[in-house]
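J.: First, the structure itself, so that you have it in front of you.
The values are calculated or read from the model by the stated rules, or taken from the named source; none is laboratory data. From a predicted model like this one, the values you see are computed outputs, not experimental measurements. Please note: Cβ atoms are built from the backbone with ideal geometry, for glycine as well, and neighbour counts cover all protein chains shown.
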Amino acid sequence: MDMRTPYAKVTGKGSARDGTGHFWRQRLTGLANVPLTLFLVWLVARLAGADRPDVVALLANPLVAGLLVLTIISVCWHMALGMAVVIEDYVHAEGLRLLLIIGNIFLAVAVSGVSVVAVLMLSFGG
């Protein structure tokens, strides 16, 4: 049974079959961000006023470095998902929308990549 309208049938537009997956990824990253953000607040408070050797010593702990990497990845992924929804909802020009979605993905990957490399460099004492 086809639930599409006659107009949707003619124009070939219909369900992209991705809305539910996107919805759940956004909710799951949001849920993961709650404890990870609490960890980040603790880490920032712990390192307030610390010098570089103290930061390197704390990030040498694999649990701390691992949680910080997970925080970076989860927050950047959540950011990219949220911005994609905003772009898709409010940018109506097809070309500009595509350009902004590509830029959004590149920005999220660049920010998370540079941040993870910085954390790993500090955690290995570099």
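J.: Going through segment 23-66 one residue at a time, which ones are touching a residue at least 60 places away in the same chain (Cβ under 8 Å) and part of a helix (DSSP H, G or I)?
T.: Answer for segment 23-66, where residues must be touching a residue at least 60 places away in the same chain (Cβ under 8 Å) and part of a helix (DSSP H, G or I): 55, 56, 59, 62.
J.: Of all residues in segment 101-113, which are among the hydrophobic types (A, V, I, L, M, F, W, C) and surrounded by fewer than 17 Cβ atoms within 10 Å (Cβ to Cβ)?
T.: Kept after step one, since they are among the hydrophobic types (A, V, I, L, M, F, W, C), are these residues of segment 101-113: 101-102, 105-111.
Correct list: 101, 102, 105, 106, 107, 109, 110, 111.
J.: Follow-up. Working only within segment 36-50, note down all residues that are surrounded by 13 or more Cβ atoms within 10 Å (Cβ to Cβ) and under 18 Å from the mean Cα position of the chain (by Cα).
T.: 36, 37, 39, 40 - these are the residues of segment 36-50 that are surrounded by 13 or more Cβ atoms within 10 Å (Cβ to Cβ) and under 18 Å from the mean Cα position of the chain (by Cα).
J.: For segment 67-96, which positions are closer than 20 Å to residue 19 by Cβ, more than 11 Å from the chain's Cα centre (by Cα) and exposed (fewer than 15 other Cβ atoms within 10 Å of the Cβ)?
T.: Residues satisfying the conditions are 85, 86, 88, 89, 90, 92, 94.
J.: Looking only at residues that are modelled with pLDDT of 95 or more and among the hydroxyl-bearing types (Ser, Thr, Tyr) in segment 1-53, which one is farthest from residue 121 (Cα to Cα)?
T.: Filtering segment 1-53 for residues that are modelled with pLDDT of 95 or more and among the hydroxyl-bearing types (Ser, Thr, Tyr), the one farthest from residue 121 (Cα to Cα) comes out as 29.
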